[in-house]
Amino acid sequence: MLTVLISVFAVFVSLGSLAVAYASSRRSHMPVLQFMWESGQGGSSEPKWWLVNVGTGPATNIVVAQAVRTGLTRGLNGERWFNPVLVPSIPAGGKLALSWLGGTMGLECGLGASYTDVERYFYTTKCGDDVSMFFVGLHLPRWPLLKLRGNKAVKTWWGVENLSGPTWSSVTESHIRRRWWLPSRFGLCRRLGGWADPVLSYRP
């Protein structure tokens with residue numbers, strides 16, 4: 001009996017060690033993006049918004065969008081997101097100028113960014129009223145990154161000069177079907193291209 005208990009205990013210890021090792025590996029390449037305003041004082045540059053990677057790994061498949069107002073919470077929760085823009089990957093410690101947002105600090109809207117790590121797991125950053133929140137999983141709409149049914153919902157960063165024209169690809173939670181079995185802490189999706197990825201249910 002004692003031998004059986006020792007064996008069972010050893011199995012649990014091994015499983016715990018594997019879980020700790022997996023979590024440590026994930027954190028070692030986890031991107032964390034933050035929105036930053038640079039006033040450009042001192043003549044160094046023009047005032048602009050930046051997206052800065054303060055995490056430990058590169059951020060890929062980055063989509064930056066705007067909201068009329070964001071509650072800075074998990075999920076969409078009645079938020080309406082629009083003007084999605086696909087930007088290049090940002091390495092750990094790197095930053096990217098969001099030039100199309102212009103040089104005005106007060107945009108009178110919320111900002112959001114969805115992105116993935118090297119294993120295609122989603123992360124989300126929401127920013128509103130000078131407060132930023134970071135979430136594991138996708139808590140912004142899942143716009144198709146490529147053409148879907150002949151149309152492209154997300155514009156590329158080099159094709160957007162400013163926001164003076166009409167908005168595009170406006171989405172609320174009613175436009176995307178969420179998998180009922182996915183834990184709510186992961187939002188709409190956990191992994192790009194995974195079982196819960198709702199990209200095919202996207203309707204503009």
Single condition C127 does not satisfy, out of (1) assigned to a strand (DSSP E or B); (2) farther than 15 Å from L98 by Cβ: (2)
Check on N77, in contact with a strand residue (DSSP E or B) (Cβ under 8 Å, 6 or more places away or on another chain), within 23 Å of S184 (Cα to Cα), open to solvent by 20 Å² or more (accessible area, probe 1.4 Å) and modelled with pLDDT of 75 or more: no
Test result for L111, outside any loop (DSSP other than H, G, I, E, B) and open to solvent by 10 Å² or more (accessible area, probe 1.4 Å): no
Residue in the range 48-68 that is surrounded by 18 or more Cβ atoms within 10 Å (Cβ to Cβ), at pLDDT below 90 and of a type in the set (V, I, T) present: no
In the range 54-66, the residues that are assigned to a strand (DSSP E or B) and over 12 Å from the mean Cα position of the chain (by Cα): Q66
Exclusive hit being in contact with a helix residue (DSSP H, G or I) (Cβ under 6 Å, 6 or more places away or on another chain) and either surrounded by fewer than 16 Cβ atoms within 10 Å (Cβ to Cβ) or not aliphatic (A, V, I, L, M) (or both), set G137, G102: G137
Checking W143 against (1) open to solvent by less than 10 Å² (accessible area, probe 1.4 Å); (2) hydrophobic (A, V, I, L, M, F, W, C); (3) assigned to a strand (DSSP E or B), the condition it does not meet: (3)
W168 vs. criteria part of a loop (DSSP other than H, G, I, E, B), out of contact with any His (no Cβ under 8 Å at 6 or more places or on another chain), closer than 15 Å to F82 by Cβ and not aliphatic (A, V, I, L, M): yes
Search result, residues across the range 96-117 that are at pLDDT below 95 and β-branched (V, I, T): T104
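The values are calculated or read from the model by the stated rules, or taken from the named source; none is laboratory data. In this text the structure is predicted, and so the values were computed from the model without any measurement. Please note: Cβ atoms are built from the backbone with ideal geometry, for glycine as well, and neighbour counts cover all protein chains shown. What goes into the accessible areas is simple: the full protein's heavy atoms, side chains included, and nothing from ligands, DNA or RNA. Shrake-Rupley method; radii C 1.70, N 1.55, O 1.52, S 1.80 Å.
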